[in-house]
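For reference, the structure is listed below as structure tokens.
The values are calculated or read from the model by the stated rules, or taken from the named source; none is laboratory data. In this text the structure is predicted, and so the values were computed from the model without any measurement. Counting neighbours? That spans all protein chains shown, and the Cβs are built from the backbone with ideal geometry, glycine included. Each accessible area value is taken on the protein alone, full model and side chains, heavy atoms only, with ligands, DNA and RNA left out. Shrake-Rupley method; radii C 1.70, N 1.55, O 1.52, S 1.80 Å.
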Amino acid sequence: MKIAFLADSLAGFKTYKDSTYAMMAEAASRGHTVFAFEQKDMALVDGDVVANVAHITLTAQADAWYVAAAPTTQTLADFDAVLVRKDPPFDMEYIYATYLLELAEAKGARVINRPAAIRSHNEKVSIAQFAQFIAPTLVTSDEARLRAFHREHQDIILKPLDGMGGTGVFRVGQDGMNLGAIIETLTAHGDSTIMAQRYIPQISQGDKRILLIGGDVVPYALARIPQAGEVRGNLAVGGTGVAQPLTARDREIAETLAPILSKRGLLLVGLDVIGDYLTEVNVTSPTCFQEITQQTGFNVAGMFIDALEKAQPAS
């Protein structure tokens with residue numbers, strides 16, 4: 001297959017932990033041809049969505065892990081798969097990219113995850129579709145509602161709807177310290193919608209990342225355990241990743257959501273679970289492939305490329 005990765009700059013990859021790199025390496029090891037381009041490289045030209053795409057050859061060197069050929073302009077529909085691995089923020093440029101990718105789909109491109117599905121599943125708000133699995137949650141820009149939510153639950157988490165890696169996440173305890181300032185900052189004085197959730201004490205045991213691939217569930221989660229004094233387990237802010245088998249509750253959540261999300265065009269999903277509660281549904285660029293593989297021996301990238309090959313239409 002010819003596989004094109006829409007990703008951030010390859011120069012910024014940390015290959016020892018990057019899930020997109022794991023996908024590329026697994027695909028290349030099977031004889032698939034790997035290409036890469038960035039969001040800014042796409043264009044709509046005479047009705048076709050094209051991109052300046054570089055053929056990528058992987059090397060065995062950690063400090064120079066790829067060789068990129070000179071980019072050429074290619075129509076996205078000419079690839080066997082276009083894998084969307086662009087990290088948030090999910091801003092208007094990201095939205096515009098999904099519009100272009102959707103137009104490419106209409107011309108025959110196979111885009112994964114499907115752009116309309118990415119656009120329809122805000123990674124925070126979409127948990128509300130599965131209310132049986134979530135802790136008390138409020139989505140609003142209204143200060144009075146947020147203050148009332150705090151009065152009711154006493155210990156809460158506040159976070160923006162468009163961030164990643166734990167950016168902008170705050171905990172406000174019973175004393176309400178800095179609640180007003182946090183609300184003003186996150187909502188931009190009432191102009192931006194945010195999420196509030198009841199604090200889940202089991203965060204001390206880790207914010208678990210559970211991966212769904214092609215409607216199936218990876219049998220291990222990565223529990224991202226916060227540093228002392230932190231409420232965020234995200235690896236990007238210093239959390240420690242510990243792979244572990246799924247609990248019965250983890251499986252209940254994952255096995256309920258996996259077939260539903262797969263049917264919506266989401267081949268790869270990363271669920272975030274704290275304790276018994278679903279907290280996020282990640283559909284843009286789910287990670288933790290390498291950490292799970294390194295600690296358990298389970299080849300997550302292999303499972304992903306298996307699913308990609310299985311879904312490939314017959315030529």
With (1) farther than 30 Å from Gln294 by Cα; (2) in contact with a Gly (Cβ under 9 Å, 6 or more places away or on another chain); (3) in a helix (DSSP H, G or I) as the list, and Ala135 as the residue in question, which single condition is left unmet? (3)
What is the one condition in (1) touching a Leu at 6+ places or on another chain (Cβ under 8 Å); (2) open to solvent by less than 10 Å² (accessible area, probe 1.4 Å); (3) assigned to a helix (DSSP H, G or I) that Ala307 does not satisfy? (2)
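Suppose the filter is in contact with a helix residue (DSSP H, G or I) (Cβ under 8 Å, 6 or more places away or on another chain) and under 19 Å from Gln39 (Cα atoms); does Thr98 pass it?
yes
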Please find, within segment 65-99, the residue that is nearest to Asp46 (Cα to Cα) out of those that are open to solvent by 50 Å² or more (accessible area, probe 1.4 Å) and among the hydroxyl-bearing types (Ser, Thr, Tyr). Thr73
The strands (runs of 3 or more DSSP E) lying wholly within segment 1-118 that contain at least 3 residues that are at pLDDT 95 or above and of a type in the set (Ser, Thr, Tyr) are 72-75
Select from segment 183-212 the residues that are open to solvent by less than 20 Å² (accessible area, probe 1.4 Å) and within 19 Å of Arg151 (Cβ to Cβ) and list them in ascending order. Ile183, Thr187, Ile194, Met195, Ala196, Gln197, Ile200
Give all pairs with beta carbons closer than 9 Å in which a residue from segment 4-20 that is open to solvent by 50 Å² or more (accessible area, probe 1.4 Å) meets a residue that is assigned to a helix (DSSP H, G or I) and acidic (Asp, Glu); count only pairs at least 6 apart in sequence or on separate chains. Lys17/Glu291
Which of the numbered conditions does Asn122 fail, given that it passes all the others? Conditions: (1) over 19 Å from Arg264 (Cβ atoms); (2) without any contact (Cβ under 8 Å) to a residue 60 or more places away in the chain; (3) part of a loop (DSSP other than H, G, I, E, B). (1)
Could you figure out which of (1) surrounded by 19 or more Cβ atoms within 10 Å (Cβ to Cβ); (2) closer than 30 Å to Phe298 by Cβ isn't true of Ser29? (1)
Cross-chain or 6+ apart pairs with Cβ under 9 Å, segment 235-250 first and at pLDDT 90 or above and open to solvent by less than 50 Å² (accessible area, probe 1.4 Å), then part of a loop (DSSP other than H, G, I, E, B) and among the hydrophobic types (A, V, I, L, M, F, W, C): Gly241/Cys288; Ala243/Cys288; Ala243/Phe298; Leu246/Val218
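Scan segment 130-154 for residues that are in contact (Cβ under 8 Å) with a residue 40 or more places away in the chain and either among the small types (Gly, Ala, Ser) or open to solvent by 30 Å² or more (accessible area, probe 1.4 Å) (or both) and report the count. Write out each step before concluding.
First pass over segment 130-154, keeping only residues in contact (Cβ under 8 Å) with a residue 40 or more places away in the chain: 130, 133-143, 146, 149-150, 153.
So of that shortlist, the ones also either among the small types (Gly, Ala, Ser) or open to solvent by 30 Å² or more (accessible area, probe 1.4 Å) (or both) come out as 134-139, 141-143, 153.
So the count comes out to 10.
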Candidate set from segment 155-182 (those that are out of contact with any strand residue (DSSP E or B) (no Cβ under 9 Å at 6 or more places or on another chain) and outside any loop (DSSP other than H, G, I, E, B)); member that is surrounded by the fewest Cβ atoms within 10 Å (Cβ to Cβ): Ala181
Flagged in segment 255-278 as touching a residue at least 40 places away in the same chain (Cβ under 8 Å), of a type in the set (D, E, K, R) and not in a strand (DSSP E or B), in numbering order, are Lys263, Arg264, Asp276
Given (1) exposed (fewer than 14 other Cβ atoms within 10 Å of the Cβ); (2) under 30 Å from Gly47 (Cβ atoms); (3) free of Cβ contacts under 8 Å to residues at least 12 places away in the same chain, Glu105 misses just (1)
Flagged in segment 33-51 as open to solvent by 30 Å² or more (accessible area, probe 1.4 Å) and touching a strand residue (DSSP E or B) at 6+ places or on another chain (Cβ under 6 Å), in numbering order, are Thr33, Asp41, Ala43, Asp48
